[in-house]
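Each remark here refers to the structure printed beneath this line.
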Amino acid sequence: MENNSTLEVIYITKNNVIQNITSVGRYNVSMSFYDSDLFSNPVHEAPYYVDLNQTLYAEVSLHSTDPNLL
């Protein structure tokens, strides 16, 4: 996985006003893969291979002290 990456954020606008906001920051995230939609058994093997069209179960958590960052 790349340490530095670009991502899109989906948000709901107030009063149907579209705003474009660009920002730069550093975020601490963790990412885990799971073998089912129960998210009870994390995958520990590496590399972790999946087939095309196979469902991939991933959990990504954001670790931040900023209460406004969700």
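Quick check on my filter: what residues within region 46-70 are under 18 Å from the mean Cα position of the chain (by Cα) and either part of a strand (DSSP E or B) or on the phi > 0 side of the Ramachandran plot (or both)?
Tyr57, Ala58, Glu59, Val60, Ser61, Leu62, His63
For region 13-21, state whether one or more residues are among the charged types (D, E, K, R) and at pLDDT 70 or above. First the steps, then the outcome.
Step one: of region 13-21, the residues among the charged types (D, E, K, R) are 14.
Retained after the next criterion (residues that are at pLDDT 70 or above): none.
No; the residues of region 13-21 include none that is among the charged types (D, E, K, R) and at pLDDT 70 or above.
All but one of (1) at pLDDT 85 or above; (2) under 16 Å from the mean Cα position of the chain (by Cα); (3) assigned to a loop (DSSP other than H, G, I, E, B) hold for Leu38; state the number of the condition that does not hold.
Going through (1) at pLDDT 85 or above; (2) under 16 Å from the mean Cα position of the chain (by Cα); (3) assigned to a loop (DSSP other than H, G, I, E, B) one by one, Leu38 breaks only (2).
Any idea which residue in region 49-70 is nearest to Asp35 (Cα to Cα), counting only those that are of a type in the set (Asp, Glu) and open to solvent by less than 90 Å² (accessible area, probe 1.4 Å)? Outline the logic, then answer.
As a first pass, look at region 49-70 and keep what is of a type in the set (Asp, Glu): 51, 59, 66.
Next cut, open to solvent by less than 90 Å² (accessible area, probe 1.4 Å) only: 59, 66.
Numbers: Glu59: 11, Asp66: 31 Å.
Selected residue: Glu59.
The values are calculated or read from the model by the stated rules, or taken from the named source; none is laboratory data. Keep in mind that what you see is a predicted model, and the values were worked out from it rather than measured. With ligands, DNA and RNA removed, areas are computed over all heavy atoms of the protein, side chains included. Shrake-Rupley method; radii C 1.70, N 1.55, O 1.52, S 1.80 Å.
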